[in-house]
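Structure first, commentary second.
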Amino acid sequence: MLEKINNLLLEVEAFTANTKEQVEEYRIKWLSKKGEVTALFEDFRTVPNEMKKEIGQKLNELRNKAQERITELKEKFDGTEQGSNNSEKDLTVPAYPTIQIGSRHPLSIVKNDIIDIFSRIGFTVSDGREIEDDWHNFSALNTPENHPARDMQDTFYVSLNPEMVLRTQTSSVQVHIMERQKPPIRTISPGRVYRNEAISARAHCQFHQVEGLYIDEKVSFADLKQTLLYFAREMFGAETKIRLRPSYFPFTEPSAEVDISCTICGGKGCNVCKQTGWVEILGCGMVDPQVLDNCKIDSNKFKGFAFGMGIERIAMLKYQIKDLRLFFENDVRFLKQFTAV
Ligand code: DAH
């Protein structure tokens, strides 16, 4: 009898079921009036007294285990059945996202914003190249060899061919466009640029710029100013003011640097604007007639304006980022903050 009980115990412990019906089948097999466990209890009466204690304990253990197993499996199937038949289930509840949603890099967000803003007033987007020849990066832009303005930008030269450089400015794309396209031209060129600078919170050996170029028969400095005011207001808010300061770039005449009223203090003075109320965002000017001629565009007939801005600078002002290096470290704690922006 002990052997029978032990065998049944093993069966109970190993028992699993795929359907509710199977559970019921085994309940009947073991525990019903004619079940095997019940039958063992009948037999128990005939067990000699001296063995009753041991066999009784085992038999109780068997019955309890069988009952537990059956209840456990029944509950499992009842649960799923209830789940699938529940007519009050809300099928419109969004699925729990099992794939983590990533975030765009802040530089991509700002680049796309800039593209959006300028495409609304008819600017197309043009691409250039990062490894550039001397002509497109410098000479065509009125910066021939030994011109002092070359010192404004520390250049990486390609060692195999010193005629080639990693472009120091997206102004090089202007030249490509003017060489291959007839005016009217209205385009912006976003892209990465390189300069041989020590890396710090304010400078990096790689960063991003957007170049803007507008060439037509009657383009004035007022058009340039109005375009930049529109941009500043779209990017930083309708209250934003701009101011132009005279400056120098080899490829524009006259040239200017553009400040916006400080995005943090609104112009009152704070440590971001160094108490001036203004922060610089870009360089611009009227395309020098010599540059038009260099690119075979008739400077007697056509005029144009150009501007160039750093995407990092715009992003730093917009999101109050204080260290340029954060853009290139790809620390997820930094990047995560731009989810769904
Ligand atoms: N390329 C200049 C720089 O990297 C920025 C710039 C200034 C671009 C004036 C322009 C411009 O198109 O007109 O500093």
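The values are calculated or read from the model by the stated rules, or taken from the named source; none is laboratory data. In this text the structure is predicted, and so the values were computed from the model without any measurement. Cβ placement follows ideal geometry from the backbone for every residue including glycine, while neighbour counts extend to all protein chains displayed. Heads up: the accessible areas ignore ligands, DNA and RNA and are worked out on the full protein's heavy atoms, side chains in. Shrake-Rupley method; radii C 1.70, N 1.55, O 1.52, S 1.80 Å.
Among the DSSP helices (H) of the chain, those spanning at least 20 angstrom by Cα along their long axis with an average Kyte-Doolittle hydropathy of -1.0 or more are 221-236; this is a geometric and hydropathy rule only. Note: relative contact order over region 174-306, using C-alpha pairs below 8 Å and six or more positions apart, is 24 percent.
Please calculate how many Å² of accessible area region 1-118 carries per residue, with a 1.4 Å probe and no DNA, RNA or ligand atoms counted. Present the calculation step by step, with values, prior to reporting the outcome.
Numbers: 8570 Å² over 118 residues.
Each residue of region 1-118 exposes 73 Å² on average to a 1.4 Å probe.
Evaluate the relative contact order of region 106-338 (contact order divided by residue number), counting alpha-carbon pairs under 8 angstrom at least 6 apart; express in whole percent. Reported as a whole number, the value is 21 percent.
Placing pseudo-labels 7 Å out from each Cα toward the beta carbon at Lys301 and Gln67 gives an inter-label distance of 10.3 nm. Shown for region 106-338: lysine pairs separated by 8 or more places, or found on different chains, whose C-alpha atoms are under 25 Å apart, numbering 29. Full extension of the chain between Lys74 and Arg129 yields a length gain of 12.9 nm, computed as 0.36 nm times the residue separation minus the alpha carbon distance. The residues of region 212-331 have, on average, 48 Å² of accessible surface per residue, using a 1.4 Å probe with all protein chains present. Modelled this way, with points 7 Å down the Cα-to-C-beta line, the labels at Arg243 and Ala95 are 5.6 nm from one another.
Solvent exposure of Glu25, expressed as accessible area, is near 110 Å², computed with a probe of 1.4 Å over the protein chains only.
Checking Cβ-Cβ separations below 4.7 Å across the chain identifies Cys205, Cys284, Cys295 as cysteines lacking any candidate disulfide partner.
Here the chain has 50 percent of its accessible surface on carbon and sulfur atoms, given a 1.4 Å probe and all protein chains in place. Take the Cα of Met51, step 7 Å toward its Cβ, do the same at Leu31, and the gap between the two points is 2.7 nm.
Our note on the geometry: Cα centres of region 25-77 and region 144-171, 91 Å apart.
Annotation: the antiparallel percentage among DSSP beta bridges lying fully within the chain is about 95. For the pair Glu163 and Gln22, the difference between a 0.36 nm per residue extended length and the Cα-Cα distance amounts to 42.5 nm. Report summary: the helix-based calculation at 222 nm, which adds -39500 (n - 2.57) for every DSSP H run with n ≥ 4 and divides by the residues of the chain, gives -12500 deg cm²/dmol. Remark: relative contact order (region 2-87) = 41 percent; criterion is Cα-Cα distance under 8 angstrom and separation of 6 or more residues. Here the extension length gained between Ala222 and Ala201 equals 4.0 nm, from 0.36 nm per residue of separation less the Cα-Cα distance.
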